[in-house]
Structure formats: structure tokens, C-alpha cells
1. Could you count how many residues in segment 188-199 are under 21 Å from the mean Cα position of the chain (by Cα), touching a residue at least 60 places away in the same chain (Cβ under 8 Å) and either farther than 20 Å from residue 60 by Cα or part of a loop (DSSP other than H, G, I, E, B) (or both)?
2. Suppose the filter is within 17 Å of residue 210 (Cβ to Cβ) and part of a loop (DSSP other than H, G, I, E, B); does residue 114 pass it?
3. When the residues of segment 137-157 are filtered to those that are more than 22 Å from residue 83 (Cα to Cα), modelled with pLDDT of 95 or more and surrounded by 17 or more Cβ atoms within 10 Å (Cβ to Cβ), which remaining residue is farthest from the chain's Cα centre (by Cα)?
4. Applying the selection to segment 71-86, what residues are more than 13 Å from residue 37 (Cα to Cα) and buried (at least 17 other Cβ atoms within 10 Å of the Cβ)?
5. Return the only residue of 202, 183, 211 being within 28 Å of residue 85 (Cα to Cα) and either touching a helix residue (DSSP H, G or I) at 6+ places or on another chain (Cβ under 6 Å) or without any contact (Cβ under 8 Å) to a residue 12 or more places away in the chain (or both).
């Protein structure tokens with residue numbers, strides 16, 4: 001659902017590492033007994049730190065279920081969003097599960113699994129505020145920096161697009177009246193409103209996005225293993241159980 005990486009920066013970094021393989025192959029991962037998993041930790045209800053400073057969320061549960069299916073112990077590493085895929089290609093994680101929207105631009109830099117869920121963007125505003133794309137003309141729109149939400153917002157005739165490192169910062173500015181609308185993922189919007197009991201309105205879905213896990217470019221054996229494990233947890237009921245825990249419904253792509 002989210003997030004469009006600064007591709008030019010990523011391609012430059014990838015070029016500097018092109019002469020040497022940075023990732024662990026799946027046989028190497030199996031031999032070690034553990035798999036290194038990257039996420040952001042700032043995107044509830046998908047990945048975030050709870051009151052005990054432990055990672056939790058839909059992405060975390062799915063990642064743990066996939067690791068278990070592979071017979072591996074997951075070792076989680078939180079990383080800043082804007083350089084996460086760069087770090088992946090440097091071998092700091094074996095795979096990333098952090099609600100990355102699958103885009104052609106990102107697929108030039110990393111390899112994506114099949115989608116593990118589908119979602120879409122919405123407009124969030126105060127009652128009486130913008131609810132449709134036409135309403136956004138001349139308005140100040142907020143979106144998280146480096147995301148597909150930011151890119152999506154650029155198609156509207158906004159007065160200004162303000163970007164934020166985290167979504168809570170955007171919500172705060174929306175409540176303070178510093179922005180007229182916030183563009184984000186539908187589930188993130190619902191979580192933000194419900195968890196803080198905010199008086200905000202949400203538009204209908206503006207688009208549809210497929211969300212994938214990512215591996216370093218060329219790590220084909222690991223990619224195949226992740227796809228197989230995803231198929232297996234969707235077939236055995238584990239995926240549905242996790243999805244209903246967080247959303248009350250199955251959010252896999254139909």
C-alpha cells in the first residue's frame with residue numbers, strides 16, 4: 001500500500017555494489033537456522049512497536065508465520081523507511097515485509113513476491129473537508145515522505161503537498177488545521193481514527209494497490225521459498241486467522 005522509494009538514490013547505491021553479491025542464498029539461510037527480516041515499525045496496524053517496545057502488527061504476524069513455515073527462526077530488524085530497500089540489497093536483511101506497494105520502479109531495484117494483500121488509498125479530512133479528488137483542488141494535502149501516497153497526491157491540483165516522516169505527524173497537522181486532507185492507506189486511516197477516537201471522515205477507495213514482500217535483486221531461490229510459504233499459509237488457514245485478527249476480514253487479493 002505504501003511507499004515509493006527514492007529510486008534514483010537506490011539505483012546509485014545498487015550500482016556501487018554490483019560487482020559483489022550481498023545477499024544470503026536460501027540454502028545459506030537454511031544452514032544458519034534463522035532468517036533476517038526487515039520492517040519499518042512505524043506503520044500501524046501493519047508494523048509498529050507496542051507499549052513493551054516489541055514489534056507487532058499484521059506484517060509481523062505474517063512474517064513470523066512464513067518463517068515458521070520455512071522452519072526458520074525470524075530475527076527482526078527495524079529500519080528507516082526511505083533506505084530500507086537499499087539496506088536489503090546490502091544484505092542487512094534476507095527479506096523485507098513492510099507493506100511495500102509493488103511498482104515497476106521498485107521492481108527495477110528489488111524482486112517482489114506475489115502480493116500478500118491488496119488495499120487502496122483514501123482521503124482523510126475533518127467533517128466538511130475534502131472527500132473526493134475534485135475537492136482537493138487548491139487544498140494543502142499531507143502524505144508520508146517517499147510513499148506511493150505522496151506520488152498519488154501529485155496528480156491533484158493541490159495548493160501544496162506537505163510530506164511527513166511518519167503518519168502520526170500528518171494526523172497531528174490535520175487535527176491542527178495545518179493541512180486540509182491526508183492521503184494514506186485505508187487500513188492505516190481506520191486504525192488512526194479508531195485508536196485515538198478522532199472525529200475524521202474517510203473517502204471511498206481511490207485506487208487499488210498490490211502489496212509484496214521484497215528480496216534482494218536476483219535472490220531467486222529465497223523468492224521462490226517465500227512464495228511457496230505464502231501459498232501454504234493461505235491454504236492452511238493461518239493467513240485468514242491473522243487477517244481476521246487485525247482487520248476482521250480476509251484482505252488477500254481476490
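The values are calculated or read from the model by the stated rules, or taken from the named source; none is laboratory data. This structure is a prediction, so every number in the text was calculated from the model and none was measured. Neighbour counts are summed over all protein chains in view; Cβ atoms, including those assigned to glycine, are modelled from backbone coordinates with ideal geometry.
1. Here is the first cut: in segment 188-199, the residues under 21 Å from the mean Cα position of the chain (by Cα) are 188-195.
Restricting the remaining residues to those that are touching a residue at least 60 places away in the same chain (Cβ under 8 Å) gives 188-189, 191-193, 195.
When the remaining residues are screened for being either farther than 20 Å from residue 60 by Cα or part of a loop (DSSP other than H, G, I, E, B) (or both), the result is 193.
Looking only at that region, the number is 1.
2. On the way: within 17 Å of residue 210 (Cβ to Cβ): yes; part of a loop (DSSP other than H, G, I, E, B): yes.
So residue 114 passes the test.
3. It comes out as 139.
4. If the condition is that a residue be more than 13 Å from residue 37 (Cα to Cα) and buried (at least 17 other Cβ atoms within 10 Å of the Cβ), then 81, 82, 83, 86 are the ones that fit.
5. Numbers: 202 fails: within 28 Å of residue 85 (Cα to Cα); 211 fails: either touching a helix residue (DSSP H, G or I) at 6+ places or on another chain (Cβ under 6 Å) or without any contact (Cβ under 8 Å) to a residue 12 or more places away in the chain (or both).
Only one candidate passes the filter, namely 183.
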